[in-house]
Amino acid sequence: MRLQVQKYISDVALFKEQLLLWACQFHEVIYLDSNRDFNADQLYANYDLIVAVDAFTSIKTDTEKAFEDLYQYQSKSNDWVFGYLSYDLKNDIEELKSENFDGLGFPDLYFFQPKKLFFLKGNVLQIKYLNLCDDEIESDFEEICTQNFSLDSTLFVNIKPRISKEIYLDKTTKMLQHIQRGDIYEANFCMEFYDEDAKIDPISTFKRLNSISTPPFAVFFKNHSDYLLSASPERYLMKKGTKIISQPIKGTAKRSQDEHEDWQWKMKLKSNAKEISENIMIVDLVRNDLSHTATKGSVQVEELCEVYTFKQVHQMISTITSEIALTTSPIEVLRTTFPMGSMTGAPKISAMKIIEELEETKRGLYSGAVGYFTPEGNFDFNVVIRSILYQEERRYLSFSVGSAITSKSKPFEEYEECLVKAQAMFQVLNQ
């Protein structure tokens with residue numbers, strides 16, 4: 001059981017900074033920021049900010065029987081549960097493997113039931129504490145409001161690409177050969193940038209990344225010395241009652257400071273036949289994935305190839321929905337759609353096999369999902385892209401970017417698209 005208290009917040013921007021700083025005293029933190037002021041047109045928006053700290057219970061596992069273990073944990077907790085699914089949980093669903101290099105060593109799945117929860121919407125803050133610590137609400141709130149944030153400029157980073165430009169071009173050419181042979185129609189090919197001896201301040205780095213991008217699914221995640229600093233613009237999957245919502249992104253164009261040129265880039269994306277075909281292929285894949293748990297005839301495309309503008313890029317987004325039976329487990333909805341189509345390809349299993357063969361880094365949490373379950377069994381998860389991963393003890397820092405390879409792809413243009421997507425991370429880490 002949780003005690004709920006409501007507070008009025010006059011300076012929301014200041015309070016969000018103070019809450020993040022206060023939260024980081026705990027070993028387990030999830031800070032989910034929708035940047036609502038910058039994403040007012042986002043469909044199916046939820047809270048402006050959710051913060052969960054201090055694990056009362058938790059689950060950490062590798063890929064073997066991961067979804068079964070998560071089902072047991074989530075169904076028995078009957079409470080708010082926060083955490084992540086790594087991309088490599090694909091190995092629990094299909095006969096697949098992950099044998100590429102992993103410099104981070106994060107668990108494949110991690111969720112926790114927080115002792116302390118904060119929900120911000122507009123100027124109204126809801127605080128929900130487990131009864132075992134509900135006497136700390138007022139003192140904690142006072143402590144949060146006295147936090148003084150000073151930006152830590154600690155930054156020792158030397159970013160290197162895992163593969164060279166030449167190797168990238170060679171590997172995308174091999175991906176195209178798979179497409180020409182009919183092995184796949186499309187696959188998302190990613191490359192890693194990394195530093196094996198990085199020193200950063202995670203809070204300040206996240207603040208800079210979030211302010212540069214202001215995405216609708218920003219995440220600061222901490223599990224002891226494992227950190228995710230995410231500026232994700234993409235929702236993977238949301239459950240709201242019996243309704244399931246997926247919003248894959250496929251199609252990217254750069255921004256320009258010149259208003260007319262920026263509009264031209266947006267219109268060019270909107271009419272780009274290659275980007276549209278990529279998006280529609282993933283929409284078809286998502287429709288198929290949702291059909292595994294959907295009630296008959298309920299899968300609908302609510303929005304097809306709509307172009308949204310973010311601080312760093314224009315993106316093409318589609319919205320696909322379905323209805324499920326009341327008896328369908330939320331974990332089954334995730335298991336039958338994971339990993340998300342926008343980060344795999346079509347056909348999905350063939351694409352994942354080829355991805356494993358051509359990529360040189362284990363994806364791990366990158367292109368996985370971060371989110372939460374409610375006590376009622378609803379959920380909301382993002383796609384982990386535009387993100388910095390950091391293992392503080394090992395001092396290993398990593399971020400990856402990718403693009404969809406189709407029959408119309410030109411390797412050099414795909415490489416350029418990857419650099420556009422990496423721009424925010426480079427900007428943050430090169431300061």
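Please treat every number below as a calculation from the coordinates, not as lab data. This structure is a prediction, so every number in the text was calculated from the model and none was measured. Ideal geometry is used to build each Cβ from the backbone, glycine not excepted, and the neighbour counts take in all protein chains shown.
The local environment of Val124, defined by Cβ-Cβ distances under 15 Å, has a net charge of +3 under the rule Lys, Arg +1 and Asp, Glu -1.
What the Cβ-Cβ distance of Ser164 and Asn378 gives, at R0 = 51 Å and to the nearest 0.05, is a FRET efficiency of 0.70. Between Gln177 and Lys311, the simple label model (points 7 Å from Cα in the Cβ direction) yields a spacing of 4.2 nm. Relative contact order of segment 2-429: what whole-number percent is it, with Cα pairs under 8 angstrom and at least 6 residues apart? In percent, rounded to a whole number, it is 23.
Put a dot 7 Å past the Cα of Asn131, heading toward its Cβ, do the same for Leu326, and the two dots end up 2.7 nm apart. Summed over qualifying helices (DSSP H, 4 residues or more, each -39500 (n - 2.57)) and divided by its residue number, the chain shows a 222 nm mean residue ellipticity of -9500 deg cm²/dmol. Per-residue Cβ neighbour counts within 10 Å put Arg386, Arg395 in the sequence Arg395, Arg386, beginning with the fewest. Here the gap between Ser211 and Gln72, fully extended at 0.36 nm per residue and compared with their Cα-Cα distance, gives a gain of 46.3 nm. Fully extending the segment from Lys65 to Ser10, taken as 0.36 nm per residue of separation minus the present Cα-Cα distance, adds 15.2 nm.
A Förster radius of 25 Å combined with the Cβ-Cβ distance from Ser150 to Ser225 puts the calculated FRET efficiency at roughly 0.65. Sorted on the mean count of surrounding Cβ atoms within 10 Å across their residues, most packed first, peptides 292-304, 408-420, 228-240, 51-63 read 228-240, 51-63, 408-420, 292-304.
Rounded if a/c is under 1.5, else prolate if a/b is larger than b/c, else oblate: which is segment 107-197, with a ≥ b ≥ c the root eigenvalues of its Cα gyration tensor? Judged from the Cα gyration tensor, segment 107-197 comes out prolate (a/c at least 1.5, a/b above b/c).
Ranked by the mean number of other Cβ atoms within 10 Å of their residues, highest first, the peptides 325-335, 363-373 fall in the order 363-373, 325-335.
Rg and Dmax of the chain, based on Cα coordinates, read 20.7, 65 Å. Summing Lys and Arg as +1 and Asp and Glu as -1 over all other residues whose Cβ lies under 9 Å from the Cβ of Ser213 gives a net charge of +2.
Packing-based ranking of 203-211, 256-264 yields 203-211, 256-264, ordered from highest to lowest mean Cβ neighbour count within 10 Å. Rounded to the nearest 0.05, what FRET efficiency do Glu360 and Glu17 have when you use their Cβ-Cβ distance and R0 = 35 Å? So the FRET efficiency works out to roughly 0.40.
Applying 0.36 nm per residue to the separation of Phe56 and Phe426 and subtracting their alpha-carbon distance, the gain on full extension is 129.6 nm. The alpha carbon gyration tensor of segment 137-246 gives principal lengths a ≥ b ≥ c with a/c of 1.5 or higher and a/b no greater than b/c, which makes the shape oblate.
Shape class of segment 222-325 from the alpha-carbon gyration tensor: oblate, with a/c at 1.5 or above and b/c at least as large as a/b.
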